[in-house]
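The structure appears below as structure tokens.
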Amino acid sequence: MPTLEEMMADIPKPTARHYRSEIMWFAPVKTASLEAIEVQLQGDKLKERIGIDYDLERLEKDNHYILHIDFTIDMPVEATIVTRSSYKIFAWPHHFRERDFIHPKVTAAMAYCHYSFNEQLKINGKASSTLPELSDPKLFFTDHLILRLCIEDDICRRPHVYFRPALMLSGSMTLGCGLYYAFTITDEMLFNNDHVKRRKNRKAFDAIIPLATYYTIRGRWKHNQWGRKTYTIRHAIYLAHIFEFCIHVLLGKHYTTIKDELEQKKLPPDCVTDAIGYLEEAMDAIKDGLNLPYSNDQPFTVNYDWNELVE
């Protein structure tokens, strides 16, 4: 009979491979923008900060994941950036609680964010920055990420989040156009357009659709725009809420504010009706899929008043 040491030696070691690093968005603050005025009004209430977030995708093979680590550098008087560093991981659940396993990835992701921030500042004619001071920022964020992984994504205690059937969405014209319009409108309201209160909008959006999850959903489309999409049940639910958000924006008071920018991005006023139709059809397709018998949940509905939640 093999000894415990021999049996342990046969267990594959955890591996992690850097998969992709990219800028999710960068927003310089213009002098006369709503954000600049907001900073002046709030004064010291808006502090420079650096933050960490994540999303975790389970792949088809057992114990295979993609861990997305998102870093934010927010300097209210200068600019804000969010970057994502993604790692393909083969590991058991307990490895996500080990500092030695997580720490190198956090360190690299943080360095990439700071480098990208300074590069973008340079492109926009602004001086480079130093990070807000922390006693040991890399270990601080490593421990914070491990704690969140243990509490929010305990893959030992909550396997149903990962093992429930995926929702298959075909690469039809309806879905393709619906996704293009959805991400174009959402990015305009949250990141790109300084005529809306982007900072407040991101906070309201994140309370319902986590921004890290939004980046993952958008990334699946961005890197495979016309192929077949596979979304987990969790991501599909959020995608339906994103479609609802965009329909409300196009039909509500915010449309006139972002109309000119949308027209430059292939969404002129005479196409709005078609865009709403694509978004509604795509949302209905997801709702129908989520209400199939295997979901074992209450019928899925979307019913937020987004025009009251964003500004």
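A short reminder: the numbers here are calculations on the coordinates, not readings from a lab. Since the model is a prediction, treat every value here as computed from it, not as a measurement. When we count neighbours, we look across all protein chains shown, and the Cβ atoms used for this are built from the backbone with ideal geometry, even at glycine.
Compute the FRET efficiency between D305 and K13 as 1/(1 + (r/R0)^6), taking r as their Cβ-Cβ distance and R0 = 51 Å, and round to the nearest 0.05.
Once the sixth-power term is evaluated, E becomes 0.50.
Would you please give the residues with an amide H less than 5 Å from that of W25, counting only those at least 5 places away or on a separate chain, with H modeled from the backbone geometry?
Amide H neighbours of W25, under 5 Å, 5+ apart: V82.
Give me the extension gain from K222 to T273: residue separation times 0.36 nm, minus the current Cα-Cα distance, reported in nm with one decimal.
Extra length from K222 to T273 when fully extended: 16.0 nm.
Note the full-extension length gain between H95 and Y255 as 0.36 nm times their separation in residues minus their Cα-Cα distance, in nm to one decimal.
52.9 nm
What FRET efficiency do you get for K61 and A207 if R0 is 30 Å and r is their Cβ-Cβ distance, rounded to the nearest 0.05?
0.35
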